[in-house]
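Okay, so here's the structure we're looking at.
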Amino acid sequence: MDTLWPLFRAVADRGEAAWPALAAALFPVLLPIAARQPIGRLRAYEDTPHEIVTRVLENLHARAFATVIKLCAMDPPPELGAWLRVLVRRAAIDYMRDCPEYERATARRDHRWISLATLTSSSPDRGPGSLVEKRAMLLAFLQAAVARADGEFAAHGEDAFARLAAEWAIARIHVRRLVQRGAQYLRVLEAVLAGHSYPEVAEQLGVSRREVELTVHYIEEFLTARRFAD
């Protein structure tokens, strides 16, 4: 850690010109710290530590290196390793909370992870007990919804958004997304239910991982709005 102090001070003094050297030195130091963060299922993804470290570096770079300048002005200086671990922990928490599969706590429930599997779960005395059957029901439900939205749009144009929204008692945006993204909904859903990770699905479909995450998020919002899991 002692070798990092001169690099931090150089950035505090010279700004952008000294930043590449600090960023290059910090990345391998921060990566193993990021890999140990207790962030639930995100730990299983190979690129998660890199995403967390990238956030830390972005935070250090932000506001004309305000965090770096504040660090170098501390008297006495903090223990650098402990200070960096705090930054990584905060970045990891922010990354977890930004994930579409993470739902924050409310006054009525604790924070939790949500997924397509949990959205299809029902109480023990209702619905099929097999996860395979539940996933088949979910896929059939979404296929029918996409087909209905496509048919209504072909017949009525954008009036279909209001027609189906009223019939299903949901917001228009869900119907609009079904029409605009229905084919992608189904491709992503099939891949996710088959057990593929988001990076794997992104590679299969030729889209970004973020697009896959957003698609899953939109599907879950639609299922919740339609009370599929009630």
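Details
- Heavy-atom accessible area order for Leu57, Leu142, largest first, 1.4 Å probe: Leu57, Leu142
- Charge context of Ala82, other residues only, Cβ under 15 angstrom, K/R +1, D/E -1: +2
- Carbon + sulfur, % of accessible area of region 124-216 - ligands and nucleic acids excluded, 1.4 Å: 53 percent
- Expressed as a fraction of 2.2 N^0.38 Å, the value expected for a compact globular protein of N residues, the C-alpha radius of gyration of region 1-55 is 1.34.
The values are calculated or read from the model by the stated rules, or taken from the named source; none is laboratory data. Not measured: the values here are computed from a predicted model. Reconstructed Cβ throughout: ideal geometry from the backbone, glycine too, with neighbour counts over all protein chains shown. The protein model used for the area step is the full one, side chains on, heavy atoms only, and it has no ligands, DNA or RNA in it. Shrake-Rupley method; radii C 1.70, N 1.55, O 1.52, S 1.80 Å.
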